[in-house]
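Have a look at the structure below before the remarks.
Read the figures in this text as sums done on the coordinates, not as results from a lab. A quick note: this is a predicted structure, and the numbers were derived from the prediction, not measured. Neighbour counts run over all protein chains shown; Cβ positions are idealised from the backbone, glycine included.
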Ligand SMILES: Cc1ncc(COP(=O)(O)O)c(C=O)c1O
């Protein structure tokens, strides 16, 4: 067989993935073990019924054909209206391009912003696909870590320190996966100032914009001088309960969108026809959005209060998003150590923070994508598990000091 290109075979790089706990747990679950999976961000319930019905209707109505490469007009209009609401910046359908999910929109944004050899700054802790998305574009990147002691809010000084002559773009994600941090206005102003002063693109991943923990969502698009340099990534996955539909979009300057139509020409040749019509209706009606927002808010609050006063760990970040971050560094060697031990002892799968960059090391990400009862039981078992270990460590310290 001839060689596979380095571009494709190297997408995952050599980074430790941190996802072994999840894959091991999944394999054991499929083999019949009773394992509580709190390691993945996919909804525990189906897509809202109204969206499913709309899709069946659109399929029966004969929408079986190729679609406009940029996205059918009704879908882009609905996406533009949602973007106007989410960002507070008037958006027209010429500034929208559809993509297969937020991931497809990220791929498009990264390829629009960077040439091979260019450099990007990724703010960490970051979503696991970011590094591979830069590698496939043959661009390099450095991670600027937002620190737990700063509530995972990135600082402009750290961005300045990572800037290189070939830096062209910054990638941020708020509300953040995995930390649940919701970037403050001050944080976003620092990032925006950095991008303006160095003439950089800002790729802003806002797929969790409806999960802000009750705060008004803030988009850097709305800050002065940012409209011409901000590429907003969004999708229906997390907001509308539609992960498996693979529909997302990017909002950017019209010239960027016009050029990206050619990426859709060679990559997807447009989204599915009946799916496009159904998602347009789901976006206009907002089916399920309010319910999903409230459901995750309630679960987040319940989990945080179940960990209230826990000995040996503490909740960090977790203002929004669909995960809770537990700092276990006082009691465990690493997030990995905690996650493997928890899987063995309690048959609960969580994701080690190490999967998301250095600043999340010593933490674990707990997904809220299970029903309330399962989450409550898991929280109480995790609490016992941590406190037992913290108690053992304390006893060892006392014995060690006495001997
Ligand atoms: C931060 C972030 N961005 C983008 C995505 C991609 O989502 P999708 O492609 O389903 O829209 C995810 C999925 O988990 C995510 O967590």
Classify the range 9-76 as rounded, prolate or oblate, taking a ≥ b ≥ c as the square roots of the eigenvalues of its Cα gyration tensor: rounded when a/c is under 1.5, otherwise prolate if a/b is larger than b/c and oblate if not.
oblate
Fewest-first ranking of 201, 340, using other Cβ atoms within 10 Å as the exposure measure:
340, 201
Mean-square fluctuation check for the chain, GNM, Cα pairs under 10 Å: which of 227, 392, 20 is largest?
392
Let me test this: with uniform point scatterers at the alpha carbons of the range 65-285, what is the Debye-based log₁₀ I(q)/I(0) at q = 0.10, 0.15, 0.17, 0.18 1/Å?
-0.39, -0.92, -1.19, -1.34
Folded to 0 to 90 degrees: helix 273-285 orientation relative to the chain principal axis, Cα
70
Extension gain, residue 330 back to residue 395 (0.36 nm per residue minus Cα-Cα distance, nm):
22.0 nm
Would you mind ranking 350, 284 by Cβ crowding within 10 Å, fewest neighbours first?
284, 350
Calculated FRET value between residue 302 and residue 161, using beta carbons and R₀ = 45 Å, to 0.05:
0.70
Fewest Cβ neighbours within 10 Å first, please rank 218, 106, 147 accordingly.
147, 218, 106
Longest principal axis of the chain (C-alpha) makes with the long axis of helix 185-197 (C-alpha) an angle, in degrees to the nearest 10, of 50
When DSSP beta bridges are limited to those with both residues in the range 176-254, what percentage is antiparallel, rounded to the nearest 5?
50
Computed [θ] at 222 nm, deg cm²/dmol, the chain (DSSP H ≥ 4; -39,500 (n - 2.57); rounded to nearest 500)
-13500 deg cm²/dmol
Rank 98, 170, 261 by mean-square fluctuation in a GNM of the chain with C-alpha springs under 10 angstrom and give only the top-ranked residue.
261
Sites residue 65 and residue 388, calculated FRET efficiency, Cβ-Cβ separation with R0 51 Å, nearest 0.05:
0.25
Considering only 281, 196, 45, give the residue with the highest GNM mean-square fluctuation for the chain, with springs between Cα atoms whenever their separation is below 10 Å.
45
In whole percent, what relative contact order does the chain give with Cα contacts below 8 Å and a gap of six or more residues?
24
Any idea what angle helix 254-267 forms with the longest principal axis of the chain, computed on alpha-carbon atoms, 0 to 90 degrees, nearest 10?
80
Under a point spin-label approximation (7 Å from Cα along Cα-to-Cβ), what is the residue 186-residue 358 distance to one decimal in nm?
2.4
Treat each spin label as a single point 7 Å out from the Cα along the C-beta direction, and report the residue 294 to residue 73 distance in nm.
3.7
